[in-house]
Structure formats: structure tokens, C-alpha cells
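Asks: The following block contains the structure, expressed as C-alpha cells.
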Amino acid sequence: MRGKAALLGIALMVLCAAVIGNVTAQLPEESTDKLIYVSGTGKVTTTPDQAVIVFAVETENTDVKTAQQQNAQRMDAVVNALKNAGIPEKDIRTAGYNIIPVTENDDRPLTTSTVKFYRVINTLEVTLNDVNRAGEIVDLAVENGANRVDRFSFTLSDAKQQEFRSEALTAAVAQARGDADAVAAAIGKTIIDVKEVNVGNNYVPMVYDNRYTGMEKAMGAAVPTPLEAGEIDVTATVSITYVIS
């Protein structure tokens, strides 16, 4: 019995050694490639083709239901005016809705403070695919009940983002290759292959216009709101490892 156990133990040891030997034999050999690591940045300047405007309707009343009703009426008027102006329903969305009890300004704990009135804030985000109408739409919303412009920005549509990012990536790769060629020539080497390429994260460019943020435009103002799209930069980065000889 002891002899059989000893033989079994020896067999297991031989098997383990064989497995370990196989694993060791499968380890990859260290690369002997001579490499150059470079990075490149590409930039394309264009004009925005999309505007995003965030409006708000803010109402106050001592009765919370009344404040809600007044807010709903004004926001309905804003939304209907935007739709009648040709803004698609898919480009109009509620971005936030808050009911805030405003209490007396004293030193008593909040649980014992008296509520003076309720403030209801309904926020609406509108996406415009015609940036030339931005000022017109701001005026239209305010004339129909919006009393706050919380945010205004110019950006690029998804299609334009992809188009110009591709151009920026091409420029980034060209810059990286140019740097690699210069370095290789300086040390008497030649680029023979590409070993690895890493592309930087995507960034959605936005240009903010803060001139009207937090302001209430006077109702019935005769002068249109001036909003200029200007220019926007789309950038892309790459890191490339070249093989040289």
C-alpha cells in the first residue's frame, strides 16, 4: 500500500513538473523591436451648426397649487409658440422641474420656520438646427412667458462632429508621422512599420454665450436679441508607436 502511494506521489510530481514546464515554454519572448513613441494633435476650425438654449419659467405664490398652475400656463404658452415657429417636438424637452418653499429669514430651525411663498421653476431645453434663428427664438420664448435664460451655447450636430473629428484625426496622424520621420532621420534610422495606435477620447466642443444668462428680457422689447455663432475648434489626439530599423 505504501509503495503504491509513493508511486502515485512521484507520478503527480512528474505531471506538475510537466505542466509547469509547458506554461513556462509558452511565455512570450521579449520584443527586440526598436521603437519610437510619438503623439500628434490635429485641429479643425469651423462654424457651429447647432444651438442649445435652456429657458425657465419661474412663478411664485403663497399657495403651491396656484404657483404650479400659473407656471404650467406660462410654460404651455412658451412650448406652443416654439412649435408654431417650426421647432420640432423632438428638439424641445423638459430639463428640470422644482418646487421650492421660501421661508422667513430668521434664526429659527427650518422645521418651525413659516413658509412665505412657493417658488416653482420649470426648465426647458431647446435645440436649434438653424443657428441664425437663435436670437429670434430667445425673443419668442420670453415674449410668451419664459422669464429666465439659464444657458445658451453653440455646438455641432452629431454628423458634423464626426465629419470634423475625422479631419482632425487625419491632421493628428500627419503631425505624429512628421515628428517620427524627423526623429528617425536625425538618428540615422528608417520607419518600417506601425506597432500601436491609440486615439484620444472624444470631446464635444461648445461655445457659451453668457451675456443673457440669469437675465429677464423686457417683454415686448423692440430690439432683437443679437447672438453670433462665431467659430468653434474640433481637436483630436493620437499616440503612435513606430518600428524603426
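Asks: Pick from segment 79-102 the residues that are assigned to a helix (DSSP H, G or I) and in contact (Cβ under 8 Å) with a residue 40 or more places away in the chain: which of them is nearest to V57 (Cα to Cα)?
Replies: V79
Asks: Let me ask something else. With the requirement that a residue be surrounded by 14 or more Cβ atoms within 10 Å (Cβ to Cβ), hydrophobic (A, V, I, L, M, F, W, C) and out of contact with any Asp or Glu (no Cβ under 8 Å at 6 or more places or on another chain), what does segment 52-99 give you?
Replies: Correct list: V57, V64, A72, M75, A77, V78, V79, L82, I87.
Asks: State which residue is nearest to Y118 (Cα to Cα) when the search covers only segment 56-78 and only residues that are part of a helix (DSSP H, G or I) and among the β-branched types (V, I, T).
Replies: Per the criteria, the residue is V64.
Asks: Among the residues of segment 199-239, which ones are farther than 19 Å from I53 by Cα, more than 20 Å from the chain's Cα centre (by Cα) and modelled with pLDDT of 60 or more?
Replies: Residue satisfying the conditions is S239 alone.
The values are calculated or read from the model by the stated rules, or taken from the named source; none is laboratory data. Since the model is a prediction, treat every value here as computed from it, not as a measurement. Positions of Cβ are backbone-derived with ideal geometry, glycine not excepted, and every protein chain shown enters the neighbour counts.
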